[in-house]
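Below is one structure; the comments refer to it alone.
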Amino acid sequence: MTHTPAADAQARVGLVVVSHSRALARAAVALAGEMLHGRPVTIEVAAGLDDTTFGTDAVSITQAIERADGPDGVVVLMDLGSALLSAELALDLLTDPSVRDRVTLSPAPLVEGLVVAAVAAAGGANRAEVAAEARGALLGKAAHLSVPDHGEKPDAVEVGHDEVVGVFRLENPHGLHARPASRLVSEVRALDATVQLRNLTTGAGPVLAGSLTRVALLSALQGHEVEVRASGPQAQEAVEHLVALAKRRFDEQVEQVEQVEQVEQVEQVIAPRAASLSTSSRTGPVAASPGIAIGPARRLTAAPLALSQRAVEVPAAEWRRAAEAVAAVRREIDHVRVLTLREAGAENAGILDAHLALLTDAELLADVKARIGAGVGAVAAWADCLADVEREWANLPDAYLRERAADVRAVRDQVLRALTGQAERRMTAAGVLIADDLTPVETAGLDLQLVTGVVLAQGSPTSHAAILARARDIPVVVAAGPEALDIPEDTTVVLDGGTGELYVDPPAELVKEYQRRALEDARLRAQQVALADRPAVSRDGTAFVVEANLGSVADALAAHEAGADGAGLVRTEFLFLDRNVAPSTEEQQAEYDRIASAMGGRRITLRTLDVGGDKPLPYLRMPQEANPFLGRRGIRLSLEHRDLLRDQMVAICHTARHHPTSIMIPMASTPDEMIEARQVLTDAAGPSGLPPGLRLGTMIEVPSAALKIEAFLPHVDFVSIGTNDLTQYTLAAERGNSAVAALSDALDPGVLRLIDQVCRAANGLIDVAVCGEAASDDLAIPILAGLGVRELSVAPPAVPRVKAAIRELDLHQCASLAKRALTLAGANDVRKLVLAATSDSAG
C-alpha cells in the first residue's frame with residue numbers, strides 16, 4: 001500500500017510501516033495522511049500476513065523498502081516484538097548493499113512516530129532528521145502524563161528500582177509445553193520489555209522469555225513456580241500480563257487437556273489384538289486417530305537431505321541464503337496454518353505456532369548468524385544449531401516435553417530443504433502411508449485422495465501429527481516400532497486407528513472382516529450422499545429445505561454436487577477483500593451469474609457486503625475502532641457508503657432477472673435499517689422496477705432484532721438466523737477468543753429462547769432459516785426443528801448428512817424436546833437431553 005498525496009514535489013525520504021496488524025498499519029497511515037495537507041510522502045505498508053492474520057514477514061518488508069526507497073533512503077517504523085526481528089532480516093535480504101546503507105530502523109513508537117516522521121519527510125528533512133523526529137514523538141505526551149502512579153499492584157508482583165518481579169504457579173497439566181510456551185513467547189515479543197524467567201521449583205534459568213528454545217529448557221511442569229523478571233518501558237505490564245495469563249492456564253482449552261489425558265489412558269489400556277508388529281519389549285502399535293484403513297503400503301518419496309560442510313568466503317551472502325530460507329518456510333507454514341484453521345479449527349491450527357516461534361527465535365537466529373560469520377556454510381550452520389537445540393529438548397526430564405523435540409527436528413528439515421532446493425516428501429500413489437514420523441506441516445498437507453491411513457514407527461497419540469490427523473479424519477496408529485519401516489512397498493496393510501490394531505499381509509479372512517466393517521461405515525455415508533438430491537422430509541411428513549453456505553463459484557459447484565436445495569448464504573465480501581479498489585458493477589454481476597449458474601437454477605441468497613472494523617477495506621474510510629464487533633459492521637457500514645451498496649444491488653438485480661435470487665441484509669438491529677436498505681434497492685432496480693421473484697430479507701444476528709422481530713416483519717420477506725454472531729452477542733463471548741470460546745454455544749437456552757421468539761412471531765408469515773454452525777450440529781438440528789425452523793444452510797460437504805438427520809426426525813417429539821430445552825440452565829444440559837432422547841429412540 002502506498003500513500004502519495006498529490007502535490008508538486010515528492011519527499012526525498014520514504015517511510016515503511018511494519019506492524020503485526022494490517023488494519024492498525026492502514027489506520028496509522030490514514031492518520032498521518034491527515035497531517036500532510038496534500039504534500040507527497042511515499043509510505044509503504046508491510047503488515048500482517050493477510051487482512052485478518054497477525055504477523056510480520058521479512059520478504060514483504062524487503063519489498064516495501066525497495067518500493068519506498070527515495071533519494072535520501074528509507075526510515076522503517078515498527079510495532080513490537082518480532083516486527084523488529086523481521087525488519088532486521090529484511091535488511092539482510094536486500095541484495096543491493098547501497099539500499100541497505102540507506103535504511104534506518106527507528107525505535108520510535110509506531111503511530112506517533114509515523115505521524116511526525118511523515119510531516120518531517122514532507123518538509124524536506126533528511127533521513128537522520130526524520131528518524132530523530134520520530135524518536136522524539138512521545139516526549140510531549142510523556143511530559144504531560146508524568147504523574148506518579150500510586151495505584152495498588154497485583155499479587156505476586158514487586159517493583160524495584162530498575163525491574164519488576166512477579167511469580168506465577170503453573171496449572172497446565174503438561175506445564176509449559178508447545179502451545180502455552182508459544183503463547184507466552186508471542187505475548188512477550190509484543191511488549192517493549194526485556195523479560196527473563198526462572199523456575200523457582202527446580203532452579204533452572206534464568207532464560208529470556210522471548211526465546212522458545214530457552215523457555216523449553218526451564219522444564220516447567222504443573223505445580224512449578226516460575227519467576228518473571230522484567231525491565232524496560234513496559235516491564236510492569238509484562239509481569240502483570242504473564243501472571244494473569246498463567247492464572248488462565250495460558251488459555252489452554254479444557255477439552256485439549258481432557259483429550260491428552262484420554263489418549264494417555266488409551267495408551268495404558270489398549271493392546272493390539274494379534275497385531276503382527278507387536279513385540280515382548282513394548283506394547284506395540286497405539287491407537288491415535290479412529291477409522292479403518294486397508295490398502296497397499298506406501299512411502300513418502302524424496303531424496304535424503306545432503307548436508308554440505310563447506311566453508312564460505314562471503315558470510316553476508318551465506319546469511320542472506322539462510323534468512324531467505326527461513327522467510328520462505330515461515331510463509332509456507334503460515335499458508336498451511338490458514339488452511340488448517342479452515343479445515344480443522346483454531347486449536348489445531350495453533351499447533352503450528354511453535355514452529356513459527358522457532359523461526360522467529362532471536363537467540364536461535366543469532367546463533368546461526370554467528371556460526372556463518374565464523375566461516376561455516378548456511379546449511380551446516382543451520383543443521384548444527386538446530387541439532388544442538390533438539391538435543392537439549394530431548395534431554396528434558398518430562399516425557400511429554402521431550403516429545404516437543406520433534407518440532408525442532410521438523411523445522412530443521414523444512415529449512416534445510418529450502419536451503420538445498422530439495423523437494424519436500426510426497427506420497428505419489430494411493431494406499432496406507434508408512435513413515436518414521438510426520439511433521440505437522442506434512443500431516444496438514446496430506447492428500448486425502450491418496451492417503452487411506454497412516455502407520456508411524458515413532459510418535460504418540462499426543463504428537464502434533466496425531467492431533468492434526470484426527471482433525472482431518474485420517475485413521476492413524478503410532479509407535480509401531482522400527483520394523484514398520486521394513487514393510488515392503490505394495491504389501492497389504494490393515495489398521496484400526498480406534499483400537500491400535502495393525503496387520504501386515506494378513507490372511508484373506510481378516511481382510512474381509514475389516515472390509516465388511518469399513519464398508520458398513522462407508523455404506524452409511526454413501527447412502528446419505530445418494531439420497532442428497534431428494535427432499536429432506538421428516539418421518540411425520542414435514543418438508544425441510546437444506547441449503548449451502550458459499551463463498552465462491554467453486555463452493556457453488558460443490559454444493560450442487562452435494563445435493564443442496566439452494567444457496568442459503570453467499571458471502572459476497574470475497575469479491576471486495578484483498579484489493580485496492582472496489583469491484584465494478586459488471587464484475588460483481590458476472591460473478592453472481594456464475595454462482596447462480598453453478599447452482600443449476602436453484603435459488604441463491606446473496607448477502608450484501610458484510611465487512612467492518614475487523615475486516616477492513618483499504619479503499620473505504622474506516623476509522624480504527626476499539627471494539628469492531630460492536631461498531632460499523634454489515635448494513636451499518638453499507639448505509640454510510642450508499643454508492644457502494646447501490647452498485648452491489650444493481651448487480652444483484654441484474655442476476656435476479658435471470659436466476660431465482662434473494663438479498664439478505666447483515667447485522668440489522670433496527671427496522672429503520674431495513675427500510676433504508678429497501679429504498680436503496682428500489683433506486684438500484686431503476687425504472688423497470690424490482691425483478692420478479694426477488695426477495696429481501698435480513699439476518700438475525702443481534703439480540704435486539706430477535707426481541708423485536710414483530711417490528712421487522714412488515715419490511716422483510718424472510719429471515720435467516722446467524723447463530724454464530726447471535727450466540728456471541730447474547731453470551732458476551734467472542735467465538736474467536738479461545739479464553740471464552742467454550743461459552744459460545746448456540747444450544748444455550750438463552751440463545752434458544754431468542755430463536756423461539758423469532759419462530760413464533762414469523763409462523764405463517766415469513767420463512768425462518770438458520771445459516772450458522774448450529775444448522776449442521778447433529779444435536780442442535782432436533783431442537784431447531786422443534787422450535788419451528790424449516791430451512792437450514794450449511795457447508796456443502798454437510799448437506800447429505802443434515803438431510804439424512806432430518807429424515808430421522810419426528811416433529812412432535814422434536815417440539816417436546818425443544819420445549820424442555822428452553823427450561824434448562826445451560827448448553828451442556830441441552831446436549832445431554834438430546835443425547836438421552838437419541839439413545840432412547842435408538843433403543
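The values are calculated or read from the model by the stated rules, or taken from the named source; none is laboratory data. This one's a predicted model, so the numbers in the text were calculated from it and none came from an experiment. Virtual Cβ from ideal backbone geometry, glycine too; neighbours counted across all protein chains shown. Remember, those area values only see protein heavy atoms, side chains included, never the ligands or the DNA or RNA. Shrake-Rupley method; radii C 1.70, N 1.55, O 1.52, S 1.80 Å.
A few points about this structure:
- With every protein chain in place and a 1.4 angstrom probe, the accessible-area ranking of L91, L197, largest first, reads L91, L197.
- Computed from phi, the 3J(HN,Hα) profile of region 754-764 under the Karplus parametrisation 6.51, -1.76, 1.60 (θ = phi - 60°) reads 5, 4, 4, 4, 4, 5, 5, 5, 8, 4, x Hz, with x in place of Gly and Pro.
- Per-residue 3J(HN,Hα) values for region 318-332, derived from phi via the Karplus relation 6.51 cos²θ - 1.76 cosθ + 1.60 with θ = phi - 60°, read 5, 5, 4, 4, 5, 5, 5, 5, 4, 4, 5, 5, 4, 5, 5 Hz in sequence order (x marks Gly and Pro).
- Treating r as the C-beta distance of A244 and L31 and R0 as 41 Å, the FRET efficiency rounds to 0.85.
- Rounded if a/c under 1.5, otherwise prolate or oblate - region 708-825, Cα gyration tensor axes: rounded
- In Å², nearest 10: area of V537 left accessible to a 1.4 Å probe: 60
- Prolate/oblate/rounded label for region 513-556 (Cα gyration tensor, a/c 1.5): oblate
- Surface accessible to a 1.4 Å probe, I721 within the full protein complex, Å²: 0
- For region 632-723, alpha-carbon Rg and Dmax in angstrom: 12.8, 37
- Take every Cα pair under 8 Å whose residues are at least 6 apart in sequence, average their separation, divide by the length of region 784-843, and the relative contact order is 42 percent.
- Solvent-accessible area assigned to carbon and sulfur over region 659-709 amounts to 61 percent, based on a 1.4 Å probe.
- FRET efficiency, S688 to F574 (Cβ-Cβ, R0 41 Å, nearest 0.05): 0.90
- Computed lengthening from L524 to H812, 0.36 nm per intervening residue step minus Cα-Cα distance: 101.1 nm
- Under the Debye formula (equal points on every Cα, no solvent term), log10 I(q)/I(0) of region 474-555 at q = 0.25 Å⁻¹: -1.30
- Remark on A47: its backbone amide H falls under 5 Å from those of S19, a criterion applied only to residues 5 or more positions apart or on other chains, H modelled at 1.01 Å from N.
- Ranking by accessible area, most exposed first, for D540, D407, D101, D69 with a 1.4 Å probe: D101, D540, D69, D407
- Rounded to 5, the percent of DSSP beta bridges in region 462-617 classed as antiparallel: 55
- Translational D in µm²/s for region 775-829 (Stokes-Einstein at 20 °C, 1.002 mPa s, Kirkwood Rh from C-alpha pairs): 184
- Additional length obtainable on full extension of the chain from A316 to L630, 0.36 nm per residue less Cα span: 108.1 nm
- Phi-derived couplings, Karplus 6.51 cos²θ - 1.76 cosθ + 1.60 at θ = phi - 60°, listed residue by residue for region 643-651: 4, 5, 5, 4, 4, 5, 6, 4, 5 Hz, with x used for Gly and Pro.
- Dipole of region 646-740, positive direction: furthest Cα of F718, I675, G689, with charges on the beta-carbon: G689
- Computed from the Cβ-Cβ distance with R0 of 22 Å, the FRET efficiency linking D192 to T104 stands at 0.70.
- Label sites at R67 and T670, each approximated as a point 7 angstrom past Cα along Cα to Cβ, lie 4.0 nm apart.
- Full extension of the chain between D384 and R657 gives 91.6 nm of extra length, using 0.36 nm per residue less the Cα-Cα distance.
- Accessible-area value, H715, 1.4 Å probe, nucleic acids and ligands omitted, Å²: 50
- In this structure the amide hydrogen of D767, modeled in the peptide plane, comes within under 5 Å of the amide hydrogens of V719, none closer than 5 places in sequence on its chain.
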